[in-house]
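Every number in this text was worked out from the coordinates using simple rules, so none of it is lab data. The model shown is predicted, which means the values in this text are computed figures rather than measured ones. Neighbour counts are summed over all protein chains in view; Cβ atoms, including those assigned to glycine, are modelled from backbone coordinates with ideal geometry.
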Protein chains: 2
Amino acid sequence: MSAVSMVELWRGGLLESVHAGHAVVFGPAGILEAWGDPEAVIFPRSSCKMLQALPLMESGAADTAGLTDRQLALACASHQGAQIHTQAVSAWLTDLGLGEPDLRCGAHMPADRAANKLLTCSDTAPCQIHNNCSGKHAGFLTLTRHLHAGPDYVDLDHPVQKAVKTAFEEVTGETSPGHGIDGCSAPNFATTVTGLARAMAFFAAANPEGGIRDRAAAHLTRAMTAFPEMVAGEGRACTNLMRAMGGRVAVKTGAEAVFVAILPDQKLGIALKILDGATRASEAAITALLVKYGALDATHPMVGKYLTDPQKNWRGLTTGEMRLAPGFA
Amino acid sequence: MSAVSMVELWRGGLLESVHAGHAVVFGPAGILEAWGDPEAVIFPRSSCKMLQALPLMESGAADTAGLTDRQLALACASHQGAQIHTQAVSAWLTDLGLGEPDLRCGAHMPADRAANKLLTCSDTAPCQIHNNCSGKHAGFLTLTRHLHAGPDYVDLDHPVQKAVKTAFEEVTGETSPGHGIDGCSAPNFATTVTGLARAMAFFAAANPEGGIRDRAAAHLTRAMTAFPEMVAGEGRACTNLMRAMGGRVAVKTGAEAVFVAILPDQKLGIALKILDGATRASEAAITALLVKYGALDATHPMVGKYLTDPQKNWRGLTTGEMRLAPGFA
């Protein structure tokens, strides 16, 4: 694969580690800029949750259920299982007359420090509501009820996933070359980096007073940027970066180092994949592109946090720095 | 850098992520096999702790202090701060008439689950003894006392680090092109992948009844293989792999995905570096090379754990697999 170097780690004046990847910036006229192979096929993983939420909006299920923007942000989230997230998902399931056993995402320990400590120190096992995808799954269940469909909403031939696939292929502008089973057990459809960036550009240019799909996309972007803490959580990159951009831009990470951005002011969509799956590199790369395209102030502390601050060790000594590879961003 | 693909992650029949790197297998006659760039300069990080322990042995400091093989294994360790590790380091410091404040490694939370839980749930901060390098630093302090040198034993011009650099360059067979400050604040000397593999081959061929350096190297290898639980800890790759090989082979990991192996039976040394710093890939790559060179049974459960077992998600569903890249191992 013709991925190009994007992010470097230096120590003692020597190059220690390198992360390569693919990135595409997509605008109204098509590809504006690209690095690596724009046609590389990737799994968007959680970076495409706003695409997976389109049928929830377009079907009328969200309106019928009276979902708030805070809930819609959660439907697009990879949350860290903090109390604000788990309480919201629990209430959502209750409103649907459902419960935790109706989820199909599986359980894992929450990344949120306080929630994790609470479970750890009380020897309590996490439940499916703690899963970072439980908001997306609550959205799937909302659509499932609206469609009077069966309980196994993560099956590839379930009406919910069929609707997701159709929306995904229409917005990426590509026939998906295949799918995988995601960490949360839902199908995850593959696309090219260009397809994912094209989808983000559609969200960026979506007209809030336009057709059904435009209104759905604009609404989801608005929900994500209005409730950044629901999309990830305190201390997390998506939340930090959206706050740093004052609600003007939506960003979303995905497992294995995918990162996307929706820039409505510039009508731009960005998608990138670090080939080795390293989050430290996808966070640095999206930060660099957000700065380059004028969405993020180069002097903002979050640019330091994810890219320019010196690397320090356990005694606080500077050990090296992160650098953008020559030719990237 | 001309790193080559070594480890691939597949999902739904599609390639999702790739790890590239450099590897060298060094034997009595020189390089036996290599992938990527054998001359690539790397930081060995913690993979070279047995080299950093050579002056401790050769100076007579270890004998004078009456260090046991269990302590020598700890001097070469990146331990996970379990009780067996912290108790041993505490006792060692006490034997030296020193204490935790004399360490210069800094403090971090232990990786050991029980130790981590104990500190977390009692709101207790970790100390420098919990640092994964505290055994190496106890060794540095033992040599410092033997040399009647000053307390700042991690300074580049301290007698301990001067002795480490001399031994490091002699055993790697190269003049180090530079150094960095490691996570534990000690200098970490750079070398080529070939230099690191050459050093491991020296350890593999070292004669237990030979000269001072041969005896020191053979003794350190014997200590590591005799006490694998002291070199890392329960559940960790170094400990698991050394146990799987029945004490016949010493292996050691280093930060940013370096892994080395000492194979006395075959008189081979192995060194590898995954360019992106991913541990999952360095563990898979060293496992593959240990199998290829007859040190590890391909049917051993640890080969499954680090390489061949299916990748599963939170519900236990198979989502994909790890594969060796074409042409590697």
* Between B:Q71, B:Y153, B:T86, whose Cα lies farthest towards the positive end of the dipole of region B:57-185 when Lys and Arg beta carbons carry +1 and Asp and Glu beta carbons carry -1, centred on the Cα centre? -> B:T86
* Asked: If you put +1 on each Lys and Arg Cβ and -1 on each Asp and Glu Cβ, how big is the dipole of the protein assembly as shown around its Cα centre, in Debye rounded to 20?
  -> 340
* Structure fact -> Here, A:D63 and B:A91, labelled 7 Å along Cα→Cβ, have an inter-label distance in nm of 7.3
* Structure fact -> Distance in nm between A:R323 and B:R215 label points, each 7 Å along Cα→Cβ, equals 4.6
* To do: Starting from region B:1-103, pick out the GluC sites (Glu not before Pro) whose DSSP state is loop and whose Cβ has at most 15 other Cβ atoms within 10 Å.
  => B:E39
* Quick one: Karplus J couplings for region B:187-202, per residue in order, coefficients 6.51, -1.76, 1.60, θ = phi - 60°, nearest Hz, x for Gly and Pro? -> x, 10, 8, 7, 7, 7, 4, 5, x, 5, 5, 4, 4, 5, 5, 5
* Asked: Kirkwood hydrodynamic radius for chain A: how many Å is it when counted over pairs of different Cα atoms?
  -> 19.9
* **Residue-wise HN-Hα coupling along region B:48-64, computed from phi with Karplus coefficients 6.51, -1.76, 1.60 (Hz; x: Gly, Pro)** => 9, 4, 6, 6, 5, 8, 4, x, 4, 7, 5, 6, x, 4, 5, 5, 4
* Among B:M230, B:A186, B:S176 the positive-end extreme of the charge dipole of region B:154-233 (Cβ point charges) -> B:M230
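Summing Lys, Arg as +1 and Asp, Glu as -1, what charge do residues with Cβ under 15 Å from the Cβ of B:F168 carry, B:F168 excluded?
Taking every Cβ under 15 Å from that of B:F168, the sum is +3.
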* To do: Estimate the FRET efficiency between A:D309 and A:E33 by the formula 1/(1 + (r/R0)^6), using the beta-carbon distance for r and 22 Å for R0, to the nearest 0.05.
  => 0.30
* Under a 10 Å cutoff between Cα atoms, tell me which one of B:M200, B:M230, B:M302 has the largest fluctuation in the Gaussian network model of chain B. => B:M302
* **Within region A:183-261, GluC sites (Glu not before Pro) in DSSP loop having at most 12 other beta-carbon neighbours inside 10 Å** => A:E209
* Asked: Taking the Cα centre of region B:25-296 as the origin, how large is its charge dipole in debye, to the nearest 20, when only Lys and Arg (+1) and Asp and Glu (-1) carry charge on their Cβ atoms?
  -> 520
* **For B:D214, label point 7 Å along C-beta direction: distances to other copies, nm** => 8.3
* Calculated label separations, B:T64, copies of the chain, 7 Å along the beta-carbon direction, nm -> 8.3
* **Per-copy distances of the A:A125 label point, shortest first, in nm (7 angstrom along Cα→Cβ)** => 3.7
* How far apart, in nm, are the 7 Å Cα→Cβ label points at B:T166 and A:M109? -> 4.6
* Starting at the first residue of region A:25-31, write each ³J(HN,Hα) from the Karplus equation 6.51 cos²θ - 1.76 cosθ + 1.60 with θ = phi - 60°, in whole Hz, x for Gly and Pro. => 10, 10, x, x, 9, x, 5
* **region B:17-109 - charge dipole about Cα centre, Lys and Arg +1 at Cβ, Asp and Glu -1, debye rounded to 20** => 200
* For A:V25, net neighbour charge (Lys/Arg +1, Asp/Glu -1) across residues whose Cβ lies under 9 Å away -> 0
